[in-house]
Amino acid sequence: MSKSSPRRPFGGKSSGTVTVIEAKVHRSSARNARLAFILTAVIVGVLSAVVAASYMHPILALIVGALIGVPVGGIVWVLVRIWPVLRLLWWWLPEIGITVGVLTFWVQLANHTPAVVTLLVVALVVGVPAAVPVIRHQLVAWAWCLIVRHRLRVCFAQFIIANQSGSLPLILWARPTPVGERVWVYLRPGLSAKDLEGRLDKIAVTCHASTVLIERASERNAAYLRFDIKRREVLTADVASPLVDVIDPDTPTVEQAPLTVPTALDLPDVDVPTITLPAQGRPAKKPATAANGSKPAASSASSIPDDDVNDWI
C-alpha cells in the first residue's frame, strides 16, 4: 500500500525531510572517516607495540598496541565523520552564540529582578541603540557581516564548482568596512581565485551588493582569499568641514582683476660683448741641444762636400 506524501501549503508534494548535509558530502565523509580509522589504528598500534616490546613479551606488546591504536582510530573516525556537522555549526556559530547570550541574559534578569525593572532594562537595551545613530549603524553593519557569510555559502553551494567530494570553502570571518563588508575565505582543493573572478557579478547579486572584489590575503598561501563587498560609495557623501563655523558668510568678497596670460615674450635687447681670441699659430720649434749642452752648428749647403755623382752611379 502506497503512502501518500503530504502536500505543501502552496501546492506540490513534500517528502517530509529536510536536507541538512548533502548526500554527496555524507558519503565522502563516511569514506574518509573509514580510511582515517584504519590508517590511524594501524600506525598507532604498530608504534605502540614496538615501544611496548622493549618492556614485555611481543604477544603482550601486540595486545597493548591494539588496545591503544583502536581507541585512537575511533576518535579520529568520529572527528572526520562529524566534520560536515562541525562545519555547519561553525557557519552558524555567531548566531548561536548571540542567541544563547540573549536567552541567558533574559532568564537571569527575569529571575532576579522585578518585572518593572526587567521591562525598563529591556527598553533601554532596545531603545538606546535604536535612538543613537552611531550605535544603530554599527549594529546594522555587523548584522550585514553575518548575512554576507551565509550569502557567500549559498554562492559556493549553488553555482560555484566545488571539489569532487562536495566540500565547500571554509568561510572564516567578516568585519564591516566604510563601503560594505570584508570576508576571509579559505578555499578547498578544486577552486582558485581565477575561478571566482569570472563570477563576481553573480556573487554581488547574491550578496545584495553593488560590486565584489577578490584579493589574496596571503602571499604564501593562494587558498587564503579576501572578499571586499561594496554596497555604498563614500566618495560622493557630503563631508563636514571645520571651516564652516570659522568663515563669516556676510564677509564681502573682493573682486580680483582678470588674469592676463601673455602670448609672447617681450624681453629687452641684450648687448653681446665681442670676444677677440688670440691668433693661433704653429709653435716655434726649439733648437736641439747636444749632449754637452751646446747647440749644434747650423748646417748649410756649403758644408756638404762636393761629391761626384758619377761615383755613385
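For this structure, a couple of remarks:
- Qualifying residue in the range 105-120 (condition: touching a residue at least 60 places away in the same chain (Cβ under 8 Å) and surrounded by 12 or more Cβ atoms within 10 Å (Cβ to Cβ)): no
- Wholly within the range 130-217, helices (runs of 4 or more DSSP H) carrying at least 2 residues that are over 16 Å from the mean Cα position of the chain (by Cα): 133-158, 200-206
- Residue check for residue 127: among the small types (Gly, Ala, Ser) and outside the structural domain of residue 199 (by TED's automatic domain parsing): yes
- Look at (1) at pLDDT 90 or above; (2) under 28 Å from residue 194 (Cα atoms) and you find that residue 138 fails only one, number (2).
- Filtered residues of the range 41-82 (kept if surrounded by 16 or more Cβ atoms within 10 Å (Cβ to Cβ) and either within 36 Å of the chain's Cα centre (by Cα) or under 30 Å from residue 142 (Cβ atoms) (or both)): 76, 77, 80, 81
- Scanning the range 218-232 for residues that are in a loop (DSSP other than H, G, I, E, B) and surrounded by 15 or more Cβ atoms within 10 Å (Cβ to Cβ) yields a total of 2.
- Search result, residues across the range 50-107 that are β-branched (Val, Ile, Thr) and not in a helix (DSSP H, G or I): 82
- Against the conditions (1) buried (at least 17 other Cβ atoms within 10 Å of the Cβ); (2) closer than 19 Å to residue 94 by Cβ; (3) touching a strand residue (DSSP E or B) at 6+ places or on another chain (Cβ under 9 Å), residue 179 satisfies every one except (2).
- Candidate set from the range 156-176 (those that are under 16 Å from residue 207 (Cα atoms) and at pLDDT below 90); member that is surrounded by the most Cβ atoms within 10 Å (Cβ to Cβ): 156
- Residue match in the range 191-206 (condition: of a type outside the set (A, V, I, L, M, F, W, C) and closer than 18 Å to residue 94 by Cα): no
- A single entry from 276, 251 fulfils the requirement of being more than 53 Å from the chain's Cα centre (by Cα), at pLDDT 70 or above, more than 30 Å from residue 185 (Cβ to Cβ) and loosely packed, with under 10 Cβ neighbours inside 10 Å: 276.
The values are calculated or read from the model by the stated rules, or taken from the named source; none is laboratory data. Values in this document were obtained by computation on a predicted structure and should not be read as measured data. Note that we place each Cβ from the backbone using ideal geometry, even for glycine, and neighbour counts take in every protein chain shown.
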